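Derivation of every value follows stated rules applied to the coordinates shown; laboratory data play no part. Because the structure is predicted, anything quoted here is derived from the model rather than measured. Counting neighbours? That spans all protein chains shown, and the Cβs are built from the backbone with ideal geometry, glycine included.
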Amino acid sequence: MRGGHVTSSKRRRELARAKAERQAGRRQETAQRRRRRNQVLAVLAVLVVVGGGIAWYVLSRPATTPTDAAVPTETTAPTDAPAPSDSAAPSDSAAPSTPASESVAPQPDIACQEAPAARPDDMSWDAAPAETLKPDTDYTLTLATNCGDIEIATEPAKAPVTVNSMVFLANEGYFDLTACHRLTTEGIFVLQCGDPAGNGTGGPGYSIPDENLPPEGTANYPAGTVAMANAGPGTGGSQFFIVYEDTTLPSGYTIWGRVTKGLDVVKGIAAAGVEGGGADGPPAQKVTIITAEVSPK
């Protein structure tokens, strides 16, 4: 019995020592965790202070204007303004003018609706259409735009191939939902239309010859004239221009019609100026041909 008692006491001491060691270990782990937590909190406190300082600096520092900020400018065509063409590219040189902030664009004298979205440029033909015009018949082409109607009396007797092509394209819906993409307001005075691409690069896929070219001279393209744009001799396609003030041009643009109604619409569009304040580019007042309808008379 005594030997067992000694063994039992020894066992209790061992258990107590083990318990004490475990408790000491836990206290040590707790102390270590507390130190780590305090270190983390200290770091976070530093970050908060630094971050708060940065935020204060960003939010409270005065705004600055870059010294190399671009000054708004506008480009204008030179006195010998570029002739209408299938390209909407500006002229070779541009004269500086007043910053846009110092000028106020004139307001059009017409009431325009919002221009509808243009259709896709997805219509083309391999060759010019066969002759479909009736003999001794004149045709009126009515352009219904978001700014009003423009009526054009065609001249098939003077420009039969061109009028035949334009009548064909109009009947095919080629001009429907196309924007008039170019306006010139110095030297020449035209609104250019007929390009489904909307940038001066579009066409029907074929070309037609030049016809009914006026003689060289002053105001050889008078107000109301409707003529073909081109990129050189024999390159007419679908793009045309409407002259809204007497204009002198090289004698290279087929005249195929005259505006009989709606020239005031074109003048109103021109009165709003060119987008960006220049003298050659997209019209500031967006104009879209909604429908183009042909009627014989």
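Just a few scattered comments:
- Simple label model, 7 Å out from Cα along Cβ direction - TYR206 to LYS134, nm: 2.3 nm
- Formal net charge of residues neighbouring ALA157 (Cβ-Cβ distance under 11 Å; K, R +1; D, E -1): -3
- Computed from backbone phi with θ = phi - 60° and the Karplus coefficients 6.51, -1.76 and 1.60, the 3J(HN,Hα) list for the stretch 202-218 is x, x, x, x, 9, 10, 10, x, 6, 8, 6, 7, x, x, 5, x, 5 Hz; x is used for glycine and proline.
- Cα centroids of the stretch 144-221 and the stretch 242-266: 9 Å apart.
- Cβ-Cβ FRET estimate between ASP246 and LYS297, R0 fixed at 25 Å, reported to 0.05: 0.40
- Under 5 Å, built H, 5+ apart or other chain: amide partners of GLY278: THR75
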